[in-house]
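One structure is given below, encoded as structure tokens.
The values are calculated or read from the model by the stated rules, or taken from the named source; none is laboratory data. Quick caveat, the model's predicted, so the values are computed rather than measured. We place every Cβ from the backbone using ideal geometry, glycine too, and count neighbours over all the protein chains shown. Each accessible area value is taken on the protein alone, full model and side chains, heavy atoms only, with ligands, DNA and RNA left out. Shrake-Rupley method; radii C 1.70, N 1.55, O 1.52, S 1.80 Å.
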Number of protein chains: 2
Amino acid sequence: MPRTSSLPPSPGPVHPGPDAHVALRPAVAEVTDGFWHSRRDVNARTSIPQGPGLLESAGNLHNLRLAAGAAEGEFQGAYPFVDTDVYKWLEAAAWQLAQGPSARLESDVHRIVSLVAAAQQPDGYLNTWFQLVKGGERYQDLRWGHELYCAGHLIQAAVAHHRATGRTELLDVARRFADHVDSVFGPPGSGKAIDGIDGHPEIETALVELYRETGERRYLDLAGYFVDRHGHGLLGGEAYCQDRVPVREATNVEGHAVRQLYLLAAVADLATETGEAELRSAAERLWRAMTTTKTHITGGLGAHHDWEDFGDPYELPNERAYCETCAAIASVQWSWRMALLTGEARYSDLIERTLFNGFLAGVSLDGESWLYVNPLQVRDGHTDPGGDQSARRTRWFRCACCPPNVMRLLAGLEHYLATSDDDGLQIHQYASGRYISGPVAVRAETDYPWHGTIALAVEDTPADRPWTLSLRIPQWCRHFRVRCGDETYDSPVVEDGWLRLERTWAPGDRVVLELALEPRLTAADPRVDAVRGCVAIERGPLVFCLEQVDHPGGGLDDIVLDTTRPLAVKHRPDLLGGVTTVVAAGRRRAVPDAGWWPYTTADRAPRQDGDPVELTAIPYYAWANRQDGAMRVWLPTS
Amino acid sequence: MPRTSSLPPSPGPVHPGPDAHVALRPAVAEVTDGFWHSRRDVNARTSIPQGPGLLESAGNLHNLRLAAGAAEGEFQGAYPFVDTDVYKWLEAAAWQLAQGPSARLESDVHRIVSLVAAAQQPDGYLNTWFQLVKGGERYQDLRWGHELYCAGHLIQAAVAHHRATGRTELLDVARRFADHVDSVFGPPGSGKAIDGIDGHPEIETALVELYRETGERRYLDLAGYFVDRHGHGLLGGEAYCQDRVPVREATNVEGHAVRQLYLLAAVADLATETGEAELRSAAERLWRAMTTTKTHITGGLGAHHDWEDFGDPYELPNERAYCETCAAIASVQWSWRMALLTGEARYSDLIERTLFNGFLAGVSLDGESWLYVNPLQVRDGHTDPGGDQSARRTRWFRCACCPPNVMRLLAGLEHYLATSDDDGLQIHQYASGRYISGPVAVRAETDYPWHGTIALAVEDTPADRPWTLSLRIPQWCRHFRVRCGDETYDSPVVEDGWLRLERTWAPGDRVVLELALEPRLTAADPRVDAVRGCVAIERGPLVFCLEQVDHPGGGLDDIVLDTTRPLAVKHRPDLLGGVTTVVAAGRRRAVPDAGWWPYTTADRAPRQDGDPVELTAIPYYAWANRQDGAMRVWLPTS
């Protein structure tokens, strides 16, 4: 479904304003083949088209009809934020429409946008739960009510719809709601009725985007007001609601992971638009604290099921990793803003890791079922609780925040791949297709991440002046080669993650980047207690795991990896839609029966010899697509 | 507060009926000195006397007054089971009164028993939440309502009150409620209105005790009915409510830990009274599955904060260990019933471990503050959530189930120390005082667990026939000596945990048991991923831990234990009320700054040398009695 026109695509979901203090500006890519194309194709052909039916079954559209006075019955759904499932689907559909026309999708979007517009109240307010269940009692429960969170997703959808299609119906609805919010919320002394914030950030970053789309400065100011008022006890001072400490003073990410990350995306947005050094410094400090102490190897975020919380530094459990799919998405959104703001490649390093692992595991290979939480281990003998937090894929959730969130990121993914600045074009993520910025266009062909060769060809270029083609050399990469014309360079100098090739380019010039993709064993900082004595198998940007189905004859929790034997790479076109596996040597630990007590004086600890077993590691993103069973990412080495 | 009379004490909280199928019958001990005496003294002088004031402040007594029509106002408290705090306190006070008279305590008990009686409805029903908040709408929400759970604790308190004091006021209340329950609940076809179970087991074991106290067989039958109906989907089939699988078919403990354990105490009770082999076999199977796969080294139970759940086999996290204090208590109650039923020493091995570690950590040294959850680690940089699940001691809880539960177990502890059978007396737990059964009395003097010498002297004995003094040789013990008269035996043969000394004893005969108490390093089954590469320090029955306050100059998560250097024992009368510490050699790992990403190719993993540091390990039960800070039980060895 890629469009083939050579028109520059629509600006993406992050579109810094004209006075933005950014190092880089987004450039758009066309993804026409390869890994991400096939994932996006499933999204376009299966996930997004199934959305309206699922939103109908779950009652979300019914609620809008009720609010519009166009149906009768009871509100359906368990949460006050069910409208956002609709808004996120609309955003996904909008980015999808930007890829090319689809009569059915356009019709679905039109129908649902009309429903949303009809459900809106005359003064701009819109929330079906409060309109239908709470008798219109607004803004009385900012901690749990999610009214501004819903407004935020409505605004994001509207911006996407306008950017992608040029249509204004949904943008008009969003502006009316934003104007209403602006008329109600403000600091003490502003004459506004409420000095408050929403328990779930989202409106902040949405309002910045609305400012960018409309040029109305008061939306940016309102976003700044909301960000500033977090951490001052307006919601009881709870970390869960991002209200324990003002963001400028915070030293680490904390509380509900998705709330923290959406708020920090807005912090990056505000630093981008206002140039405020203190906000930028807070965002940089918190991003580094997060990656250093609270990020799973998959890019997954959130250590606690309880309160969906980040947990303590280096508290990174495997079987109880929460790693909500939405947190991975929020991380990508925040990191992308940081990449634009700073120009630093590490933000895109994390985006790559997150996209290929912690994010992509959230959707099944067929695009029809989902994971809300993304554990790094399922134990032998696991008793699954079912429900939203199941370690088994689910068709839809009671709290269905993740599926349409995946849809919108996949549909808009081409907006996160490249940037430009006055010096040229930067390629952040490698995919087959085209990278375009102004007069520059570069075509890419690659079978990444299965193979490390990325062949680039300059298609369009200004003839008369040099510019720099910057290629991100991934943080995981130990060795690479680049061929530029007739010259080959072996692991040349990389500046902060960027390989910079400055030339006066001509159409047809070719650059071939070869990233060495040997599989590797990765160990964690020793403060990550949960994985002491273990390693993970990685290859390129992919984290691998073992699944029970590939290892009959015993459980996974008895497997020990033999690190003295080489890892072998085996491409398996038959398996899981075609994946490269890593084959390793291991053994099944033989634990003598120690009786009823599993703790033994250390010098009497049982010997751990056992039978050799060939281990087949699959990419983590592809787990839980066959039969139920154990899984593990981190493998004991003794 | 020990009584000095030589009358045999009252029968304890587990009092098998005349036809019970038990291997052992409870004998009672008098604890007059030493470790447990001092803990019980704090319980008697501080914790129990403060109870009525706390129950007043929290509103529990106010609710009873409201239900009795003796006050006006609103129901206070957040849960439908707040009455149980009162009942558990009454049970504690009853066992305390059995130790000796106290005018103030008797007056408090009399006043509160009168309140309970006055709050009871004419037909026997009693639950202040449902009477006051739910308009008397009974038994409509068995999953969450806790009405039968409350009835169970009322019955337990009444049995204790009657056994300890001979008074019948509370027993009459309990019987009326039990009769009411019996008139309402029963199997299909019984003509009873409801075929149902309570979401929180407790009434089952209480009804068995009521049968034992009154001789009324129908209470036993009702208990059997409730046990049998678990696992048949009456409550939606949830493991949380012990409704996923019938207990006779279950293969491991699961769901909410305390609910599971209270139910299994009743299973042991029923097997005891009915002799049913299948129930006994289920209880034995589940106990072994629990200890082998789901028990922390402290005896703590429950791996998940979420739903207070047992978790999967070998899922035994440290920082997120739940290990509710009530679960430790329930484990002791279940294991004691198993010890009586089977005569096997391992049940008392677990009781000892649990009492000295997972249970005792639940109350502060001064008896005034509490832990609801008992983690095995508090991380450097821990952000404490506060509230009931805090890793910091709390004066009282919103859900105050644990404090009065600790009070009742400590007040009745002498009932869990010894048994008798036709062959003689068995000493399960060592404490200074007397062990008494029929014509046999043995005096004990010991400074256990600080020292391993237990000096026993026969005080009373039948003159004309031999009997066996059985001493439990703890499962942790690698070497011991016993002196009996003039003979000394070096680690003589132990039968399934029992050292059996058969003699024709004479008053004044002495036995000295010396348990070697060298400190030891303990490793876990390798399937316990959370502690791979770590050991725990133990000495005797005590598990040790490091606290931040003893280790200035850096965090605890960087400490590595040097296992090549000897452990030293240092008694510190000045510290924490007098404890023996274990001093070990360690170093502070020097982790080079790895940049923003904490995962490194394994062969590049940072070296871990560091400065030497002397480690002072304190008994786990005494942690969190000084300043807030990190703590860890399991220590990395590299």
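Could you list, in sequence order, all residues of the stretch B:139-156 that are assigned to a helix (DSSP H, G or I) and among the acidic types (Asp, Glu)?
Narrowing the stretch B:139-156 to residues assigned to a helix (DSSP H, G or I): B:147-156.
The answer is B:Glu147, and nothing else.
Go through the stretch B:397-416 and report how many residues are within 16 Å of B:Thr354 (Cα to Cα) and of a type outside the set (Ser, Thr, Tyr). Can you show your working first?
Our first condition is that a residue be within 16 Å of B:Thr354 (Cα to Cα); within the stretch B:397-416, this holds for B:402, B:405-410, B:412-416.
When the remaining residues are screened for being of a type outside the set (Ser, Thr, Tyr), the result is B:402, B:405-410, B:412-415.
Number of matching residues: 11.
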Are any residues in the stretch B:569-580 free of Cβ contacts under 8 Å to residues at least 60 places away in the same chain and open to solvent by 50 Å² or more (accessible area, probe 1.4 Å), and if so, which ones?
B:Val569, B:Lys570, B:Arg572, B:Pro573, B:Asp574
Whether any residue in the stretch A:65-80 is surrounded by 13 or more Cβ atoms within 10 Å (Cβ to Cβ), assigned to a helix (DSSP H, G or I) and of a type outside the set (Gly, Ala, Ser) is what I want to check.
yes
Across the stretch B:606-638, what is the number of residues that are within 12 Å of another protein chain (Cβ to nearest Cβ) and assigned to a strand (DSSP E or B)?
5
Tally of residues being within 14 Å of B:Val173 (Cα to Cα) and modelled with pLDDT under 95 across the stretch B:72-118
0
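Picking from B:Gly386, B:Gly343, B:Gly367, which residue would you name as being open to solvent by less than 10 Å² (accessible area, probe 1.4 Å) and at positive phi? Full working, then the answer.
On the way: B:Gly386 fails: open to solvent by less than 10 Å² (accessible area, probe 1.4 Å); B:Gly343 fails: open to solvent by less than 10 Å² (accessible area, probe 1.4 Å).
Only one candidate qualifies: B:Gly367.
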So how many residues does the stretch B:478-508 have that are within 14 Å of chain A (Cβ to nearest Cβ) and buried (at least 19 other Cβ atoms within 10 Å of the Cβ)?
1
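Here's a check for you: in the stretch A:418-454, which residue that is part of a loop (DSSP other than H, G, I, E, B) and of a type in the set (D, E, K, R) is least open to solvent (accessible area, probe 1.4 Å)?
Initially, the stretch A:418-454 is screened for residues part of a loop (DSSP other than H, G, I, E, B), giving A:422-423, A:428-431, A:438-439, A:447-452.
From what's left, of a type in the set (D, E, K, R): A:422-423, A:447.
Details: A:Asp422: 154, A:Asp423: 99, A:Asp447: 69 Å².
The qualifying residue least open to solvent (accessible area, probe 1.4 Å) is A:Asp447.
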Pairs, please: C-beta under 6 Å, at least 6 apart or cross-chain, first residue modelled with pLDDT of 95 or more and in the stretch B:122-136, second open to solvent by 30 Å² or more (accessible area, probe 1.4 Å) and in a helix (DSSP H, G or I)?
B:Gly124/B:Arg176; B:Gly124/B:Asp179
Determine whether B:Val373 is among the β-branched types (Val, Ile, Thr), within 12 Å of chain A (Cβ to nearest Cβ) and touching a Cys at 6+ places or on another chain (Cβ under 7 Å).
yes
What is the number of the single condition among (1) farther than 25 Å from A:Trp307 by Cα; (2) touching a Pro at 6+ places or on another chain (Cβ under 9 Å); (3) crowded, with 19+ Cβ neighbours inside 10 Å that A:Asp195 does not meet?
(3)
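One line per residue, one yes/no per condition, for (1) farther than 17 Å from B:Gly224 by Cα; (2) more than 29 Å from the chain's Cα centre (by Cα):
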| residue | (1), (2) |
| --- | --- |
| B:Arg143 | yes, no |
| B:Gly152 | no, no |
| B:Ala158 | yes, no |
| B:Gly166 | yes, no |
| B:Glu169 | yes, no |
| B:Arg175 | yes, no |
| B:Ala178 | no, no |
| B:Pro188 | no, yes |
What is the number of the single condition among (1) modelled with pLDDT of 95 or more; (2) under 21 Å from A:Arg353 (Cβ atoms) that A:Arg478 does not meet?
(1)
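Each row is one residue, and each column tells you yes or no for (1) under 24 Å from A:Leu371 (Cα atoms); (2) touching a Phe, Trp or Tyr at 6+ places or on another chain (Cβ under 8 Å); (3) at pLDDT 95 or above.
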{"residue": "A:Gly386", "(1), (2), (3)": "yes, no, no"}
{"residue": "A:Pro404", "(1), (2), (3)": "yes, yes, yes"}
{"residue": "A:Ala411", "(1), (2), (3)": "yes, yes, yes"}
{"residue": "A:Leu425", "(1), (2), (3)": "no, yes, yes"}
{"residue": "A:His428", "(1), (2), (3)": "no, yes, yes"}
{"residue": "A:Ala431", "(1), (2), (3)": "no, yes, yes"}
{"residue": "A:Arg434", "(1), (2), (3)": "no, no, yes"}
{"residue": "A:Gly438", "(1), (2), (3)": "no, no, no"}
{"residue": "A:Ala444", "(1), (2), (3)": "no, yes, yes"}
Check B:Asn252 against each of (1) within 14 Å of another protein chain (Cβ to nearest Cβ); (2) outside any loop (DSSP other than H, G, I, E, B); (3) not hydroxyl-bearing (Ser, Thr, Tyr) and name the one condition it does not meet.
(2)
Answer with yes or no whether A:Asp603 is part of a loop (DSSP other than H, G, I, E, B), within 27 Å of B:Val535 (Cβ to Cβ) and within 12 Å of another protein chain (Cβ to nearest Cβ).
no
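Modelled with pLDDT of 95 or more and farther than 23 Å from B:Tyr314 by Cα: is that true of A:His296 in this structure?
On the way: modelled with pLDDT of 95 or more: yes; farther than 23 Å from B:Tyr314 by Cα: no.
Answer is no for this residue.
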Working only within the stretch B:540-569, note down all residues that are over 25 Å from B:Phe359 (Cα atoms), among the acidic types (Asp, Glu) and more than 10 Å from chain A (Cβ to nearest Cβ).
B:Asp562
Taking the criterion of being of a type outside the set (D, E, K, R) and touching a residue at least 60 places away in the same chain (Cβ under 8 Å), would at least one residue in the stretch B:486-497 satisfy it?
yes
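Kindly establish whether A:Ala92 is over 18 Å from A:Leu126 (Cα atoms) and open to solvent by less than 10 Å² (accessible area, probe 1.4 Å). Can you show your working first?
Working: over 18 Å from A:Leu126 (Cα atoms): yes; open to solvent by less than 10 Å² (accessible area, probe 1.4 Å): yes.
Here the answer is yes, as A:Ala92 does meet what is asked.
Given A:Gly299, A:Gly387, A:Gly367, A:Gly381, which one is facing chain B (nearest Cβ under 9 Å) and assigned to a loop (DSSP other than H, G, I, E, B)? Lay out the reasoning, then the answer.
Values: A:Gly299 fails: facing chain B (nearest Cβ under 9 Å); A:Gly387 fails: facing chain B (nearest Cβ under 9 Å); A:Gly367 fails: facing chain B (nearest Cβ under 9 Å).
It is A:Gly381.
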Filter pass, B:Arg248 being free of Cβ contacts under 8 Å to residues at least 24 places away in the same chain, of a type outside the set (Gly, Ala, Ser), out of contact with any Phe, Trp or Tyr (no Cβ under 7 Å at 6 or more places or on another chain) and farther than 21 Å from B:Ala151 by Cβ
no
Quick test of your reading of the structure: A:Ser335 fulfils all but one of (1) surrounded by fewer than 24 Cβ atoms within 10 Å (Cβ to Cβ); (2) not in a loop (DSSP other than H, G, I, E, B). Name the failing condition by number.
(1)
Residues that are within 24 Å of B:Val440 (Cα to Cα) and among the polar types (S, T, N, Q), drawn from the stretch B:458-498:
B:Thr461, B:Thr468, B:Ser470, B:Thr488
Selection count where residues are more than 10 Å from chain A (Cβ to nearest Cβ) and open to solvent by less than 30 Å² (accessible area, probe 1.4 Å), scope the stretch B:581-600:
6
